[in-house]
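Chemist: Structure below; questions to follow.
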Amino acid sequence: SNLGDVRLERTGSQRWLVVNRSPDPLWDPVKDFWQESGFLLTTEQRNLGIMETDWAENRAKIPQEGVRKWLGKALDMVYSTGERDKFRTRLERGQQPGTTEIYISHRGMVEIYITEGKDQTRWQPRPANPDLEAEMLRRLMVRLGVQEARAKQQHDQLLAQAWASVGSNAYAVTETVA
């Protein structure tokens, strides 16, 4: 893939990838991306261009100091972040012939105590995380062949543009970084 093959676009707070390929040859690389990232896919509807991951815990949020650091994997099952994430990916034919738009949306759950004694919990939805969606798009760009430095640069440029547009009508403007 050359650098012109994948680009990140943004309108308001929504971001997506535009790839200069049709949806069909992109399906397997996108599926591989999620599986290589440690996610199980629970939904695969190729004809609709939709795949969805199972709920997964972000293990990076577990503290790595003290006793936990020394015992490592032996305690992995004991520690929980109390947060779960899942992602939905849509592949749609792009506005330009021969292109595909890829959207990633995040859903999160948080575990809360429902009793005073903190002995019973319940999972409840938490807000979607646009920064996490943007990071997964950046990682997918890398997986689809864009050099990591270029993917990070595009992500950072869009973030800077978002901050610059605070106070203006950011939702009426579509910005493309190529």
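The values are calculated or read from the model by the stated rules, or taken from the named source; none is laboratory data. Please read these numbers as outputs of a predicted model, since none were measured by experiment. Note that each Cβ is placed from the backbone with ideal geometry, even for glycine, and that neighbours are counted across all protein chains shown. Just the protein is used for accessible areas: all its heavy atoms, side chains included, with ligands, DNA and RNA removed. Shrake-Rupley method; radii C 1.70, N 1.55, O 1.52, S 1.80 Å.
Chemist: When the residues of segment 83-95 are narrowed to those that are in contact (Cβ under 8 Å) with a residue 60 or more places away in the chain and of a type outside the set (Gly, Ala, Ser), which ends up farthest from Lys31 (Cα to Cα)?
Modeler: Taking segment 83-95 first, the residues in contact (Cβ under 8 Å) with a residue 60 or more places away in the chain are 91-94.
Filter again for of a type outside the set (Gly, Ala, Ser), leaving 91-93.
Values: Leu91: 11, Glu92: 15, Arg93: 17 Å.
Among those residues, the one meeting the criterion is Arg93.
Chemist: Looking only at segment 81-107, filter to residues that are small (Gly, Ala, Ser) and out of contact with any helix residue (DSSP H, G or I) (no Cβ under 8 Å at 6 or more places or on another chain); which one of those is surrounded by the fewest Cβ atoms within 10 Å (Cβ to Cβ)? Give the steps one after another, and end with the answer.
Modeler: First pass over segment 81-107, keeping only residues small (Gly, Ala, Ser): 82, 94, 98, 105.
From what is left, the residues that are out of contact with any helix residue (DSSP H, G or I) (no Cβ under 8 Å at 6 or more places or on another chain) are 82, 94, 98.
On the way: Gly82: 14, Gly94: 19, Gly98: 10.
Here the answer is Gly98.
Chemist: Restricting to segment 110-128, and then to whatever is in a loop (DSSP other than H, G, I, E, B) and of a type in the set (D, E, K, R), can you tell me which residue is farthest from Trp27 (Cα to Cα)? Step through it out loud before you land on a result.
Modeler: Going residue by residue through segment 110-128, those that are in a loop (DSSP other than H, G, I, E, B) are 114-120, 127-128.
With the extra rule that they be of a type in the set (D, E, K, R), the set shrinks to 116, 118-119.
Values: Glu116: 47, Lys118: 44, Asp119: 43 Å.
Looking at residues that are in a loop (DSSP other than H, G, I, E, B) and of a type in the set (D, E, K, R), I get Glu116.
Chemist: Here are the criteria: (1) surrounded by fewer than 13 Cβ atoms within 10 Å (Cβ to Cβ); (2) at pLDDT below 95; (3) over 16 Å from the mean Cα position of the chain (by Cα); (4) of a type in the set (S, T, N, Q). Tell me which single one Asn47 does not satisfy.
Modeler: (2)
Per-residue answers, yes or no, for (1) at pLDDT 90 or above; (2) touching a Phe, Trp or Tyr at 6+ places or on another chain (Cβ under 6 Å):
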site	(1), (2)
Val67	no, no
Lys73	no, no
Glu83	no, no
Met109	yes, yes
Leu137	yes, no
Glu148	no, no
Ser168	no, no
Val173	no, no
Val177	no, no
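Chemist: Condition check: part of a helix (DSSP H, G or I) and open to solvent by 60 Å² or more (accessible area, probe 1.4 Å). Does Asp131 satisfy that? Walk me through how you get there before you give the answer.
Modeler: Numbers: part of a helix (DSSP H, G or I): yes; open to solvent by 60 Å² or more (accessible area, probe 1.4 Å): yes.
Criteria met by Asp131.
Chemist: Name the single residue that is nearest to Ile102 (Cα to Cα) among those in segment 3-33 being open to solvent by 20 Å² or more (accessible area, probe 1.4 Å) and of a type in the set (Gly, Ala, Ser).
Modeler: Once the filter is applied, the top-ranked residue is Ser22.
Chemist: Now for a different question. Scanning for something aliphatic (A, V, I, L, M), open to solvent by 50 Å² or more (accessible area, probe 1.4 Å) and modelled with pLDDT of 75 or more, does segment 121-128 turn up at least one residue? Break it down stepwise before answering.
Modeler: To start, the set of residues in segment 121-128 that are aliphatic (A, V, I, L, M) comprises 128.
This time we only want the ones that are open to solvent by 50 Å² or more (accessible area, probe 1.4 Å), so: 128.
Going one step further and asking which of them are modelled with pLDDT of 75 or more, we end up with 128.
The answer is yes, given that some residue of segment 121-128 is aliphatic (A, V, I, L, M), open to solvent by 50 Å² or more (accessible area, probe 1.4 Å) and modelled with pLDDT of 75 or more.
Condition check ((1) aliphatic (A, V, I, L, M); (2) within 17 Å of Asp54 (Cα to Cα)) across all residues:
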{"position": "Thr99", "(1), (2)": "no, no"}
{"position": "Ile104", "(1), (2)": "yes, yes"}
{"position": "Gly108", "(1), (2)": "no, yes"}
{"position": "Ile112", "(1), (2)": "yes, no"}
{"position": "Glu116", "(1), (2)": "no, no"}
{"position": "Thr121", "(1), (2)": "no, no"}
{"position": "Pro125", "(1), (2)": "no, yes"}
{"position": "Ala128", "(1), (2)": "yes, yes"}
{"position": "Leu132", "(1), (2)": "yes, yes"}
